[in-house]
Amino acid sequence: YLTSDWIAYNSYTNYVDTLWSWDYRINQFVQLIDSRCNSCWTETNVFETTKDPIKGELCQNCRAVSFCFRCLSSGETSQHRNKCSDILRARRLGKVIRPTDYFSWKMAVKKTIFGEGAERIVRKCRYLDNSGNFIGPVMVAKESRYLESDENYERRMQYHTEFMRTQAIASEMADKFNRALGEIYTHFQDRNIVKEQINKVPTIEFLKPMVVQAKTDGNEYNILIEPMLEGKYEKFNDNMGMVKGESSKVSIDDLSKSLGNVDLSNKSHGLGGLGGLGGLDAIEEDDEDN
């Protein structure tokens, strides 16, 4: 349940403005269709993501903007008419899409950091119902550990771009692998035997993140969210090429080859002469805690 340790985006001053996904085909952010009424922001549940009754419908023309039944009956849709053609065009180009795997436009992010990486800090994130109760899966919210809270919106959005693009490419490659794996048995005479063995091979799936564009007291803010993976994890390698079970000592020969066969034997040269580990600030295992 919500406590003072959570930042809730479920009011007129703190709210989720837009949800963004990434499309591999057009290689850019795509906006998710908002299920809240375009006039009064009432949740219409047009996509039936919860068991709550449907309280509205999509615009019959662009099919990308929601209206509650009350606003439809009272004619409070005039502001949308001037934008409808542009939104329809954006939907046909794939820049506005129907959302999947989301539970609410109301969310909360925990203030306490529970994980840190080389570039990101991670906090827990939850979807909220109209009463402020947690619903749906536990999510995580990721932010840069280098961008301060007062950094401009564009720079923060740019930070998420590479992660979203990379994740989308990986998901597309995983889908192609899974499809190819599922079709292998068709190339063999004993199809049933091969299919039985292929079904034992694990498939690959990547998490599908979203970028939440929120507003707090008029200031724009964005965070990347994705489902939290429960369980115990073990690290087998790192970004420096270290592998579990192998010596963490840096091989001079391997390091020399990775730098273009430069001479690292002479420690007196320093970085200016491309010689010696001292100039490269290499940390050996025994010195790691010093």
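Tell me, what is the 1.4 Å probe accessible area of Ile184, in Å² to the nearest 10?
Result for Ile184: roughly 60 Å² accessible.
Amide H of Arg63: which non-local residues (sequence gap of 5 or more, or other chain) have their own amide H closer than 5 Å, using H built in the peptide plane?
none
Which value, in Å³ per residue, describes the convex hull spanned by the Cα atoms of the stretch 172-218?
That works out to 73 Å³ per residue.
Evaluate the Debye formula for the stretch 11-162 with equal point scatterers sitting on the alpha carbons, no solvent, and hand back log10 of I(q)/I(0) at q = 0.14 Å⁻¹, in q order, two decimals.
The calculated log intensity ratios at q = 0.14 Å⁻¹ are -0.83.
Using a 10 Å cut-off on Cβ atoms, rank the peptides 202-213, 37-48 from the highest mean neighbour count down. Display every interim value, and only then the final one.
Details: 202-213: 16.2, 37-48: 18.4.
Final packing ranking: 37-48, 202-213.
Give a residue-ordered list of calculated ³J(HN,Hα) values for the stretch 165-176 (Karplus: 6.51 cos²θ - 1.76 cosθ + 1.60, θ = phi - 60°; whole Hz; x for Gly, Pro).
My calculation for the stretch 165-176 gives 5, 4, 5, 5, 4, 4, 5, 5, 5, 5, 4, 5 Hz in order.
Note down the nm distance, to one decimal, between modelled labels 7 Å out along Cα→Cβ at Tyr153 and at Ile193.
My value for the distance between the label points is 6.3 nm.
How much FRET efficiency would the formula 1/(1 + (r/R0)^6) give for Ser131 and Trp41, where r is the Cβ-Cβ distance and R0 is 22 Å, rounded to 0.05?
Result of the calculation: an efficiency of 0.85.
Which three extents, in angstrom, do the Cα atoms of the stretch 125-250 have along their principal axes, listed largest first?
Computed over the Cα atoms, the extents are 66, 50, 28 Å.
List, in order, the whole-Hz ³J(HN,Hα) value for each residue of the stretch 27-44 obtained from phi through the Karplus relation with A = 6.51, B = -1.76, C = 1.60 and θ = phi - 60°; use x for Gly and Pro.
Rounded to whole hertz, the list is 6, 6, 5, 10, 8, 7, 5, 7, 8, 7, 4, 5, 9, 10, 6, 6, 5, 8.
How many percent of the accessible area of the stretch 153-216 is carbon or sulfur, using a 1.4 Å probe? Write down the numbers at each step before the final one.
On the way: 2310 of 4310 Å².
Accessible surface attributable to carbon and sulfur in the stretch 153-216 totals 54 percent.
When only C-alpha pairs under 8 Å and at least 6 residues apart count, what is the relative contact order of the stretch 1-153, in percent?
21
Using a probe radius of 1.4 Å on heavy atoms only, what accessible surface per residue do you get for the stretch 41-168? Whole Å² is fine. If you can, show how the numbers build up before the last one.
Details: 7530 Å² over 128 residues.
In whole numbers, the stretch 41-168 has 59 Å² accessible per residue.
Of Lys55/Lys124; Lys124/Lys232; Lys55/Lys208; Lys124/Lys215; Lys110/Lys142; Lys176/Lys232, which sit over 21 Å apart, Cα to Cα? Could you put the intermediate results ahead of the total?
Details: Lys55/Lys124 30 Å; Lys124/Lys232 17 Å; Lys55/Lys208 28 Å; Lys124/Lys215 19 Å; Lys110/Lys142 11 Å; Lys176/Lys232 29 Å.
Listed pairs above 21 Å: Lys55/Lys124; Lys55/Lys208; Lys176/Lys232.
What is the Cα coordinate range of the stretch 24-101 on the first, second and third principal axes, sorted by size from largest, in whole angstrom?
Principal extents (largest minus smallest coordinate, Cα): 39, 32, 16 Å.
Efficiency by 1/(1 + (r/R0)^6): what FRET value for Ile121 and Ile26, r their Cβ-Cβ distance, R0 = 35 Å, to the nearest 0.05?
Once the sixth-power term is evaluated, E becomes 0.70.
Give me, ordered by chain and number, the residues 5 or more places off Ile7 or on other chains with an amide H under 5 Å from its own placed amide H.
Amide H neighbours of Ile7: Val109, Lys110, Lys111.
Could you pull out every residue, at least 5 positions away or on a different chain, whose amide H is within less than 5 Å of the one on Asn45? Hs are placed 1.01 Å off N in the peptide plane, and Pro or chain starts have none.
Lys55
Can you work out the FRET efficiency for the pair Thr100 and Tyr146, with r the C-beta to C-beta distance and R0 = 22 Å, to the nearest 0.05?
Details: r = 31 Å, r/R0 = 1.43.
Between Thr100 and Tyr146 the formula returns 0.10.
The values are calculated or read from the model by the stated rules, or taken from the named source; none is laboratory data. These numbers were taken from a predicted model, which means no experiment stands behind them. Please note: Cβ atoms are built from the backbone with ideal geometry, for glycine as well, and neighbour counts cover all protein chains shown. Just so you know, the surface numbers come from the protein's heavy atoms only, side chains and all, with ligands and any DNA or RNA stripped out. Shrake-Rupley method; radii C 1.70, N 1.55, O 1.52, S 1.80 Å.
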